[in-house]
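The values are calculated or read from the model by the stated rules, or taken from the named source; none is laboratory data. From a predicted model like this one, the values you see are computed outputs, not experimental measurements. Positions of Cβ are generated from backbone atoms using ideal geometry, with glycine treated the same way; all protein chains shown enter the neighbour counts. The area values use the complete protein model at the heavy-atom level, side chains included, leaving out ligands, DNA and RNA. Shrake-Rupley method; radii C 1.70, N 1.55, O 1.52, S 1.80 Å.
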Amino acid sequence: MSHFPINQYATPQGTMSDHSITSTIAYGQVHNLQTIAVTTLAPRKDGYWVIFIHGGAWRDPTVTSAAFNATESILRGSGLPIAGFASISYRLSAHPNHPQDPGNTAPKDFQDAKHPDHIRDVESALALLQNTYDFGTRYILAGHSCGATLAFQTVMGAVSGHREEASTSTTYSPDNSTAIISGSPGPLPLPLTAQPTAIVGVAGIYDLRRLRDTHADISAYQEFIEGAFGADEMLWDGVSPAHITGSRGVEGGWKSGRLAVLAQSKDDELVDGSQVEVMKEALGNWEKTDAHIPAQELSHGDRRLRVLSISGAHDEAWEKGVQLARAVTFAFEQLQEMGLAP
């Protein structure tokens, strides 16, 4: 699946009795992980797409787009107004438990991604989905763990488009706010034509430095954050959705957004509840400000921020799918109460 254009490799894997078609499509030529698992359902203009971004600390090769399979199976029997599903795979950083020899590993299989490669891939995937299926703002973007980080980064003013202005950091030039902070090959993704109506973060990482400091006695946290973002902790702050406020954060970047759901389990052994607390605080002003609504849409601009308590260990949310499906279902219920979903 390394050729272009898309219609050369969007091969149906099976057609089910509910008119669904499942396929895997590629959105990039650089790496074999640049793929999306897509399930299209019977067309409905009032439905929403549910798009998932997996976790795995930006580096775990055993966690891929297949992490959404159990959740999708549950949601397909829910009766919710869902028009389609998509689960995004993206390039990963190196993992010490999965070493690769660059001399014996094909470049398209080699894990060496660095920020902004991960977010660049997610944005490329979203742009391809939007341009292919034309769902506009009618999608719920859900992410687990670092997938939740990526979901909110897509609507951060400073990170969306993976261009950062970091006037307090020596890593970048403060006079060049549109400099691309990446040496990775491949063209920039197309800009998103529409932002998600809702974002659902499950067991999300929202403040990188806080996560490291909370678990200072466990070296793996420093290692995987540095593996993905480098050693400059000012950059960590600059890409943390809970750390950046105002125009450079979600507050100023997610102009058309209507609903944010932060789901967290008290039984989570890897990501603590303080991540939700700081993200809730960061989204406070966003919730109080009306969304930007096109003049032709007869709709209010109300927004909601909700915290949802779920249960189970960190990875159980997606492994069993029940709690992740519960979070997505909760988002639909909120949208229905707001008059934004049937």
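Each row is one residue, and each column tells you yes or no for (1) aliphatic (A, V, I, L, M); (2) over 30 Å from SER219 (Cβ atoms).
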position	(1), (2)
PHE52	no, no
VAL63	yes, no
SER93	no, no
GLY103	no, no
LEU141	yes, yes
SER145	no, no
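Here ALA327 meets the list (1) open to solvent by 20 Å² or more (accessible area, probe 1.4 Å); (2) among the hydrophobic types (A, V, I, L, M, F, W, C); (3) at pLDDT 95 or above almost entirely, failing just condition (1). Scoring LYS108 on the criteria (1) in a helix (DSSP H, G or I); (2) under 20 Å from the mean Cα position of the chain (by Cα) leaves a single failure, condition (2). Given the condition modelled with pLDDT under 95, among the β-branched types (Val, Ile, Thr) and buried (at least 20 other Cβ atoms within 10 Å of the Cβ), answer yes or no: does some residue in the range 107-128 qualify? The answer is no, given that none of the residues of the range 107-128 is modelled with pLDDT under 95, among the β-branched types (Val, Ile, Thr) and buried (at least 20 other Cβ atoms within 10 Å of the Cβ).
Restricting attention to the range 1-28, the residues that are out of contact with any helix residue (DSSP H, G or I) (no Cβ under 9 Å at 6 or more places or on another chain), open to solvent by less than 90 Å² (accessible area, probe 1.4 Å) and either within 19 Å of ASP121 (Cα to Cα) or at pLDDT 50 or above (or both) total 5. Within the range 222-242, the set of residues being free of Cβ contacts under 8 Å to residues at least 40 places away in the same chain and either surrounded by fewer than 21 Cβ atoms within 10 Å (Cβ to Cβ) or in contact with a strand residue (DSSP E or B) (Cβ under 6 Å, 6 or more places away or on another chain) (or both) comprises GLN222, GLU226, ALA231, GLU233, ASP237.
Residues in the range 244-274 that are among the charged types (D, E, K, R) and under 18 Å from LEU141 (Cβ atoms): GLU251, LYS255, ARG258.
The listed residues are SER78, SER73, SER87, and the only one of them that is of a type in the set (Ser, Thr, Tyr), outside any loop (DSSP other than H, G, I, E, B), surrounded by fewer than 21 Cβ atoms within 10 Å (Cβ to Cβ) and touching a helix residue (DSSP H, G or I) at 6+ places or on another chain (Cβ under 9 Å) turns out to be SER73.
For the structure I just gave you, tell me whether SER256 is of a type outside the set (A, V, I, L, M), in contact with a helix residue (DSSP H, G or I) (Cβ under 8 Å, 6 or more places away or on another chain) and at negative phi. In short, no.
In the range 196-210, the residue that is least open to solvent (accessible area, probe 1.4 Å) out of those that are farther than 30 Å from GLY136 by Cβ and in contact with a helix residue (DSSP H, G or I) (Cβ under 6 Å, 6 or more places away or on another chain) is LEU208. Filtering HIS95, HIS31, HIS54 for residues that are modelled with pLDDT of 95 or more, surrounded by 14 or more Cβ atoms within 10 Å (Cβ to Cβ) and closer than 14 Å to GLY147 by Cα leaves a single hit, HIS54.
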